[in-house]
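All of the numbers you see were taken from the coordinates with simple rules; none came from a lab. What you are looking at is a predicted structure, and each value in this text was computed from that prediction instead of being measured. Glycine gets a Cβ as well: all are built from the backbone with ideal geometry, and neighbour counts include every protein chain shown.
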Ligand code: SAJ
């Protein structure tokens with residue numbers, strides 16, 4: 001079976017690699033020639049444990065080849081980004097242009113899959129585009145929506161073992177997509193229609209966002225009520241039917257901080273809770289920055305000098321190097337704005353350098369700082385000893401005090 005993956009990013013490239021490793025003849029397509037060259041030399045352009053090894057194997061074995069244009073295949077998988085515009089409206093232009101690049105290659109019997117996170121109705125809309133340009137293919141090709149669910153950092157395992165939801169525009173399209181994924185997925189494959197599969201992806205991430213918002217709201221209440229939120233959540237979770245997530249400095253990344261807007265933008269009146277959760281999680285980052293600024297002001301008034309402030313973490317979540325939509329990065333930028341006299345030590349142990357911030361070793365920053373704000377719960381930070389002589393703002397539960 002020949003498969004052509006359009007988009008060689010965080011999801012498209014790993015999926016193409018795993019498909020190629022399971023006997024498929026795979027073409028990877030990306031508009032960026034640097035990505036194409038790096039894949040053809042067996043390298044991946046982001047960090048993902050265990051992936052490069054498999055990439056080298058499939059490239060040297062000839063089952064994965066990358067190009068800037070598609071090649072004729074039996075299956076086309078669209079895995080391109082769907083960001084949002086300034087007003088939080090989804091931008092599906094990359095999906096639209098991916099569909100137009102494969103249009104000339106489509107032939108009777110082909111399967112076309114959209115994996116990109118999309119607003120409800122996108123697959124039907126793309127079917128409309130395909131059949132208006134190529135009416136002779138109506139009823140002769142198969143179109144499905146099959147979202148991914150992998151957690152960055154654990155992609156190789158989860159791509160193979162996670163269950164998947166598969167939504168065809170008709171029963172036959174679902175069947176064909178199940179056949180395709182069953183060649184490399186060991187998890188269960190659940191069939192549904194395209195609209196439900198699109199909504200399922202958005203629901204999963206919106207559900208996590210709402211649950212994190214609950215924890216973040218609790219943390220703000222507890223601060224005012226002089227209650228340790230970490231102890232509170234641990235105790236509440238002893239109830240057999242309660243499972244509260246952990247508060248942090250906000251919600252980031254390219255999925256959970258983005259996908260709920262695909263619901264709120266299409267259903268603004270109906271999605272009250274989902275919209276509020278987004279607001280709470282965004283507000284949490286602002287609240288953390290205000291706490292740091294207030295603590296700095298108190299310090300200067302008391303000590304008669306500007307404090308040394310360690311800002312611990314820039315990544316969007318623990319133990320990764322990914323800074324996309326990171327609340328920690330937002331907090332650092334916000335706190336440093338206009339504070340020209342303060343001495344800031346910025347820490348991110350998972351990256352070597354940053355184009356804007358000068359980075360300091362986490363132990364050195366902790367040692368030198370008067371105020372320490374923990375923004376991301378990296379494992380390295382958890383190895384530090386609690387120090388009474390510092391003002392510690394523990395937004396992500398490093399010491400849970
Ligand atoms: N976070 C908290 N408290 C928690 C858990 C997470 O504040 O208790 C924060 C993290 O620090 C981070 C954000 O939430 O800023 C998102 O992190 P995450 O680990 O919850 O999720 P992602 O964005 O890495 O991956 C999510 C996953 N979706 C769900 O868990 C429902 C993943 O399975 C999806 O494949 C991925 O989105 C995606 O691509 O959509």
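Would you compute, for the Cα atoms of the range 170-257, the largest minus smallest coordinate along each principal axis and list the three values in descending order, in whole Å?
Sorted from largest, the Cα extents of the range 170-257 read 58, 27, 20 Å.
Let me make sure I get this right: for the range 49-121, a, b and c are the square roots of the gyration tensor eigenvalues over alpha carbons, sorted descending. Under 1.5 in a/c it's rounded, otherwise prolate if a/b > b/c, else oblate. Which is it?
Since a/c reaches 1.5 but b/c is at least a/b, the shape of the range 49-121 is classed as oblate.
When a/c reaches 1.5 or more, the comparison of a/b and b/c decides; with that in mind, is the range 1-126 rounded, prolate or oblate per its Cα gyration tensor?
Judged from the Cα gyration tensor, the range 1-126 comes out oblate (a/c at least 1.5, b/c at or above a/b).
Between residue 303 and residue 367, what FRET efficiency follows from the Cβ-Cβ distance if R0 is 25 Å, with the result rounded to 0.05?
Using R0 = 25 Å, I get an efficiency of 0.90.
Using only alpha carbon pairs under 8 Å that are at least six residues apart, calculate the relative contact order of the range 21-87 and give it in whole percent.
40 percent
For the range 148-210, what is the relative contact order in percent, using Cα pairs closer than 8 Å and at least 6 residues apart in sequence?
34 percent
Note the angle between two axes, namely the Cα long axis of helix 171-181 and the longest principal axis of the Cα atoms of the chain, as a number of degrees from 0 to 90, rounded to the nearest 10.
70 degrees
Looking only at the chain, where both bridge partners belong to it, what percent of the DSSP beta bridges are antiparallel (to the nearest 5)?
So the antiparallel bridges in the chain amount to around 5 percent.
So what's the angle, to the nearest 10 degrees on a 0 to 90 scale, between helix 51-60 and the longest Cα principal axis of the chain?
The helix 51-60 is inclined about 30 degrees to the chain.
If one takes the longest principal axis of the Cα atoms in the chain, at what angle in degrees, from 0 to 90 and to the nearest 10, does the Cα axis of helix 93-102 lie?
30 degrees
Where the centre of each part is set by its Cα atoms, how far does the range 360-380 sit from the range 213-269, in angstrom?
24 Å
When the chain is treated as a GNM, springs tying every alpha-carbon pair under 10 Å, which of 278, 241, 176 comes out with the largest mean-square fluctuation?
241
Show me 152-162, 335-345 ranked by packing, highest mean number of other Cβ atoms within 10 Å first.
Put in order of decreasing packing, that is 152-162, 335-345.
Suppose a student asked you for the relative contact order of the chain, using Cα pairs under 8 Å spaced at least 6 residues apart; what percent would you report?
Computed over the chain, the figure is 11 percent.
What number do you get for the range 123-216 when its Cα radius of gyration is normalised by 2.2 N^0.38 Å, N = residues?
So the range 123-216 has a normalised radius of gyration of 1.26.
Taking the mean number of other Cβ atoms within 10 Å as a proxy for protection, how do you rank 76-83, 360-367 from highest to lowest?
My ranking of the peptides, most packed first, is 76-83, 360-367.
Which percentage, to the nearest 5, of the DSSP beta bridges contained in the range 1-117 is antiparallel?
Bridges in the range 1-117 are about 5 percent antiparallel.
Quick check on the chain: helices-only [θ] at 222 nm, where DSSP H runs of length 4 and up contribute -39,500 (n - 2.57) each and the sum goes over total residues. Nearest 500, please.
Value at 222 nm, helices only: -13000 deg cm²/dmol.
What share of the DSSP beta bridges in the range 63-220 is antiparallel, in percent to the nearest 5?
Roughly 20 percent of the beta bridges in the range 63-220 run antiparallel, per DSSP.
Using the alpha carbon gyration tensor of the chain, what are the three equivalent-ellipsoid semi-axes (square root of 5 times each eigenvalue), largest first, in whole Å?
They are 43, 24, 18 Å, listed largest first.
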